[in-house]
Amino acid sequence: MADDVLFEVVRQYACLSPVNAISLPKDISNTVLQDFLVKELLEDQHLKVYPPSQQYQRTFWKKIVAHLERTSIMPEDEEFEISSVIYDHYLGLLNPNNDSSGSSSFVGQGPPSKSFVTYFWKAPGLTSSERFLKTTLLESRNMIESGTTGLRTWTASFVLAQYLIDHPDVIVRKNVLELGAGIGFTGIVASAIQVLAGQDSSNPNKIWLTDVEDTVLATCRDNVDLPCNTSSTHGGVKTQQLDWYAALDENRRPEMVSLLHRTLDPDVIIGADIVFDPSLIGSLLATLEIALRSTRATFALIALTRRNPETMAKFMSSAIERGFTVDAVEYQNQHISFLPHLALDTNLKDVKILRFVSS
Ligand SMILES: C[S@@+](CC[C@H](N)C(=O)[O-])C[C@H]1O[C@@H](n2cnc3c(N)ncnc32)[C@H](O)[C@@H]1O
């Protein structure tokens, strides 16, 4: 039991769960707790290379130091002293000269800085000797950064990735096109699913991660190539610029049709949280229509977060007008494994996966 709680601390720290949502085990001595934290958080090779931002760590380690100073719950805690490894690490975080995050302000003020974020997940039914797999991304921690929503991972992306883990047949031995892929979370998980399912590494399927923004695509490429991610060895994960507006522009449309039908030629199309702006609906649906007319494409799965009823109504009526058949996919998304605190995310209940078929 204590082991499970301790492991949850690792998962929560690695994916930057809100520090106040992290529970520390109550039934172990401070010595056991701090030995675990030193070994699994400070000495862990993965977290040394891909650590949470210094800004996050300051808040986390402040909580740990306060906890260790305050509590002495077991008889053996009477002689307890906080490890110099933890103190030194915490003091290092408080030194502004050591702050490599590029954050304009210090000690918790100002916007959150970019961070490596590591998501642990399980792959039931897929072959893996490890208890958990990991996917790591360099992410913005802001809703909007550099004028785009694409530099962080959104809840719909976690739901769609979990759906693909639970239904690997959707993408295994298939060429996949992702629209509005952002910094790559769903596509990177999809590539791991294909590898776990034993795809032919000499002739890998293609996973096309597309987006409009250069900065987003560059970060996506970097994330795909992180040596810790299976996507770096998959061999078929491509990033590609694709602007939905080209589908409505008679000068740019032929090039888009050629790209989608000849070069990308997907079997299945996916997208997460790409229905968020009413002004994008027409161009997104026009793109989907072209993509679904490629020779092999059968259907598209779009995970969306219902934030605004009018946007949703406009999206659904425009899709029907364009002749799509749209069905809600039955999926209980309550067991999303990536974020231990995701159950607290009020957005989760608003995420739906829609299946699009072209007429
Ligand atoms: C809310 S983000 C979702 C990112 C990612 N799928 C996720 O769920 O984490 C929306 C994405 O759509 C992309 N996008 C917006 N307008 C676009 C357009 N005209 N063409 C292609 N992608 C676009 C953005 O750059 C951004 O990455």
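Here, each number is a calculation from the coordinates, and none is a lab measurement. As the structure is a computational prediction, the values presented were derived from the model and not from experiment. No Cβ is skipped: glycine too gets one built from the backbone with ideal geometry, and neighbour counts run over all protein chains shown.
Connecting C-alpha atoms closer than 10 Å in a GNM of the chain, tell me which of VAL159, VAL275, VAL65 has the biggest fluctuation. With Cα springs under 10 Å in the chain, the top fluctuation among VAL159, VAL275, VAL65 is at VAL65.
Build a GNM of the chain with springs between Cα atoms under 10 Å apart, and of SER283, SER115, SER202 the one that fluctuates most is SER202.
Note on MET312, MET143: ascending count of other Cβ atoms within 10 Å places them as MET143, MET312, the fewest first.
Here, P(r) means the percent of Cα pairs in each 20 Å bin from 0 to the largest distance; for the chain it is 28, 53, 18, 2.
The residues packed around SER232, meaning those with a beta-carbon under 11 Å from its beta-carbon, carry a net charge of -1 if Lys and Arg are +1 and Asp and Glu are -1. Most fluctuating residue of GLN162, GLN194, GLN57 in a GNM of the chain with Cα springs under 10 Å: which is it? Maximum fluctuation in the GNM of the chain, among the listed residues, is at GLN57.
Phi angles across the range 219-225 convert, under the Karplus curve 6.51 cos²θ - 1.76 cosθ + 1.60 with θ = phi - 60°, into 3J(HN,Hα) values of 5, 4, 4, 4, 5, 4, 8 Hz, Gly and Pro given as x.
Evaluated with a Cβ-only charge set (Lys, Arg +1; Asp, Glu -1), the chain carries a dipole of roughly 960 debye about its Cα centre, given to the nearest 20. Counted residue by residue at 0.36 nm each, then reduced by the alpha carbon distance between them, the extension gain from ASP249 to THR31 reaches 72.0 nm. Modelled label-to-label distance, VAL85 and GLU69, 7 Å Cα→beta-carbon offset: nm? In this crude spin-label approximation the distance works out to 2.2 nm.
Couplings for the range 305-314, taken from phi via the Karplus curve 6.51 cos²θ - 1.76 cosθ + 1.60 with θ = phi - 60°, read 9, 7, 9, 10, x, 5, 4, 5, 4, 5 Hz in order; Gly and Pro are left as x. The HN-Hα couplings worked out from phi for the range 268-280 by the Karplus form 6.51 cos²θ - 1.76 cosθ + 1.60 (θ = phi - 60°) are 9, 10, 10, x, 10, 6, 10, 10, 10, 9, x, 6, 9 Hz, whole numbers, x standing for Gly and Pro. Positive contributions from Lys and Arg (+1) and negative ones from Asp and Glu (-1), summed over other residues with Cβ under 10 Å from the Cβ of LEU151, come out at 0.
Of all DSSP beta bridges in the chain, what percent run antiparallel (nearest 5)? Of the beta bridges lying entirely in the chain, close to 50 percent run antiparallel.
Partners of LYS122 within straight-line reach, counting lysines whose Cα lies under 22 Å from its Cα and excluding those fewer than 8 residues away in the same chain: LYS134, LYS174, LYS349, LYS352. Calculate, for ASP44 and THR263, the FRET efficiency according to 1/(1 + (r/R0)^6) with r their C-beta to C-beta distance and R0 35 Å; round to the nearest 0.05. Once the sixth-power term is evaluated, E becomes 0.30.
Straight-line reach from LYS63: taking Cα to Cα under 19 Å and skipping same-chain neighbours fewer than 8 places apart, the lysines in range are LYS26, LYS39.
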